Amino acid sequence: MKRKEIMILLSQTFVLCTCVLLCVIPLSCKLTEEGIRITAGDYAAPVIENLEILDGRTLKMDFSERVKVKSVVVSKMIKNISDSMEHSDTVEASPALLSAGGKNGSIETQTELSEDGLTVTYTLAQECEIGENYELFGVAEDVTGNTITFCIPFVGYNSREPEIIMTELQIKFTGKSGKKEVNRGEYVEFLVLKGGNLGGLELASGMDGETKKYCFPPVDVEAGSVFLVHLRTAGEGCIDERENLNEATAEHSADGILDLWSENTEARFNDSADVILLRNSSGDILDAFMYADEKTLEWKKGAVIFAGQAVAAGIYDGEEISEAVLNKSTTPLKSFTRLDAEALQNAVKAGEQYTYPVKNNKSLWKVETVSPGLLSVGTL
């Protein structure tokens with residue numbers, strides 16, 4: 001009798017365990033004349049492999065498997081609304097969801113599926129503004145009913161991308177000189193080789209990482225002109241200029257040229273060694289600069305990847321740290337200066353042709369007294 005009870009208990013346990021396993025593993029079952037047969041199934045949602053901005057009205061999205069788009073909304077991102085973490089206490093959705101759902105204004109969008117079902121092309125009814133932030137919100141479903149809900153930010157396509165290069169870099173900061181507060185911060189001087197709009201361009205440091213990159217505003221610049229990007233706001237007079245080029249009065253700002261200021265208040269660039277990249281919204285590398293002191297024998301963190309990208313773009317011939325400009329005597333009043341900057345500026349003004357991106361190497365640079373907005377004349 002006791003043996004019979006044990007057998008019943010074991011049978012019940014087996015059935016219960018089988019039911020639990022069927023609930024948690026990606027399998028399905030079929031009832032046949034022979035009994036229950038377990039069969040495999042597709043329970044994985046499709047994956048977005050790439051999003052490419054083709055022009056001001058067209059985006060292309062690649063999926064890992066055949067899909068169909070169930071819904072899509074394109075809307076402009078609204079600062080402090082679209083990226084809000086606020087949750088509603090009522091039946092209303094959070095501000096972020098309202099924006100993604102098109103409640104704060106949306107752009108009519110049509111979708112077209114490729115023959116293989118792997119690529120979706122989104123065509124907007126109107127042009128996106130250059131450099132403005134947008135988000136693409138939608139739901140896609142594969143052939144077995146698995147869905148993916150996505151909300152991807154993108155920047156308005158820039159059909160007038162300029163050609164610019166770094167000509168001076170200040171990597172040091174000081175808040176005081178003696179007892180006086182001076183706030184001399186990090187900046188990059190740029191020379192415009194071909195005019196256009198800065199919207200969508202990015203300035204990133206391998207040591208700072210992607211979260212600390214600077215995104216250029218949609219501002220027009222002219223060929224042959226010089227402008228500054230200040231990477232730290234500290235003290236008074238740090239004004240992002242648009243029309244009045246004499247409005248910024250902080251240390252290292254320059255009269256008569258465009259001064260752009262990051263809202264960042266923390267350190268930028270590594271004091272010892274780093275790789276700085278200029279790129280567009282498609283990820284193309286447009287310019288690069290590498291520096292390192294004598295004690296740093298190899299690239300660290302993201303600088304390794306950035307150095308490789310600088311070589312792949314044809315700007316540097318080698319990614320080794322020995323190819324970098326020697327960081328020996330930079331101070332808040334000493335900066336890296338490109339020695340052929342004035343010659344390049346004169347060539348642009350004379351209408352001469354050049355290859356872009358422009359080649360770079362350590363022999364083209366020297367540490368000199370800071371001269372923000374003024375192309376220093378050096379000896380090559």
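Only Cα pairs under 8 Å and at least 6 apart count here; give the relative contact order of the stretch 326-372 as a rounded whole percent.
Values: 31 pairs, mean separation 30.0, N = 47.
Over the stretch 326-372, the number comes to 64 percent.
Across all Cα pairs in the stretch 205-287, the calculated P(r) in 10 Å bins from zero up to the longest distance comes to 16, 45, 35, 5 percent per bin.
What FRET efficiency would be calculated for the residue pair GLN126, SER225, taking the C-beta separation as r and a Förster radius of 35 Å, to the nearest 0.05?
Numbers: r = 31 Å, r/R0 = 0.88.
Taking R0 as 35 Å, the efficiency between GLN126 and SER225 is 0.70.
You can think of it this way: the chain between GLU352 and VAL143 has 69.6 nm of extra reach, that is 0.36 nm per residue less the Cα-Cα gap. A simple spin-label model places the labels of LYS359 and GLU320 1.9 nm from each other, with each point 7 Å out along Cα-to-Cβ. Counting charges near PRO218 (Lys, Arg +1; Asp, Glu -1) among other residues having Cβ under 9 Å from its Cβ returns a value of -3.
What are the GluC sites (Glu not before Pro) within the stretch 292-369 that DSSP puts in a loop, where the Cβ has at most 11 other Cβ atoms within 10 Å? It would help to have the intermediate numbers written out before the result.
Details: sites: GLU294, GLU298, GLU319, GLU320, GLU323, GLU342, GLU352, GLU368; in loops: GLU294, GLU298, GLU319, GLU320, GLU352.
Filter output for the stretch 292-369: GLU294, GLU298, GLU352.
Maximal additional length on extending the GLU294-THR211 stretch stands at 27.1 nm, based on 0.36 nm per residue less the C-alpha distance.
Mind giving me the FRET efficiency for SER371 and ALA45? R0 is 41 Å, r the Cβ-Cβ distance, nearest 0.05 is fine. Please list the in-between numbers first.
Numbers: r = 55 Å, r/R0 = 1.34.
Here the calculated transfer efficiency is 0.15.
Extension gain, ARG57-GLU112: 0.36 nm per intervening residue step, less the Cα-Cα distance, totals 18.5 nm.
A straight Cα-to-Cα reach below 20 Å connects LYS295 with the aspartates and glutamates ASP208, ASP271, ASP274, GLU319, GLU320, GLU323, residues fewer than 8 places away in its own chain not being considered. Within the stretch 286-332, the trypsin sites (Lys or Arg not before Pro) that combine a DSSP coil assignment with at most 12 other C-beta atoms in a 10 angstrom radius are LYS295, LYS328.
Taking every alpha-carbon pair within the stretch 149-277, the share separated by more than 26 Å comes to 23 percent.
Against the compact-protein benchmark of 2.2 N^0.38 Å, the Cα-based radius of gyration of the stretch 305-363 scales to 1.34. When DSSP beta bridges are restricted to pairs lying wholly in the stretch 280-380, around 75% turn out antiparallel. In the complete set of protein chains, residue-level accessible area for ASP55 is approximately 60 Å², probe 1.4 angstrom.
Which trypsin sites (Lys or Arg not before Pro) in the stretch 160-268 sit in a loop by DSSP (not H, G, I, E or B) and have at most 10 other Cβ atoms within 10 Å of their own Cβ? Hits after loop and neighbour filter: LYS179.
For the stretch 117-200, take the alpha-carbon Rg, divide it by the Kirkwood Rh, and send me Rg/Rh.
Working: Rg = 22.0 Å, Rh = 17.6 Å.
Taking Rg over the Kirkwood Rh, I get 1.24.
Based on the Cβ-Cβ distance of ARG160 and ASN246, what FRET efficiency does E = 1/(1 + (r/R0)^6) give at R0 = 30 Å, to the nearest 0.05? Using R0 = 30 Å, I get an efficiency of 0.70.
Note the count of lysine pairs whose C-alpha atoms are less than 27 angstrom apart in the stretch 150-277, limited to pairs 8 or more residues apart or on different chains. Each step should come with its number before you reach the end.
Working: LYS172/LYS180; LYS172/LYS212; LYS172/LYS213; LYS176/LYS212; LYS176/LYS213; LYS194/LYS212; LYS194/LYS213.
Lysine pairs meeting the criterion: 7.
The values are calculated or read from the model by the stated rules, or taken from the named source; none is laboratory data. Worth saying up front: this structure is predicted, and the values here are computed from it rather than measured. Cβ: placed from backbone, ideal geometry, glycine included. Neighbour counts: every protein chain shown. All accessible areas refer to the heavy atoms of the entire protein, side chains included, with ligands and DNA or RNA removed. Shrake-Rupley method; radii C 1.70, N 1.55, O 1.52, S 1.80 Å.
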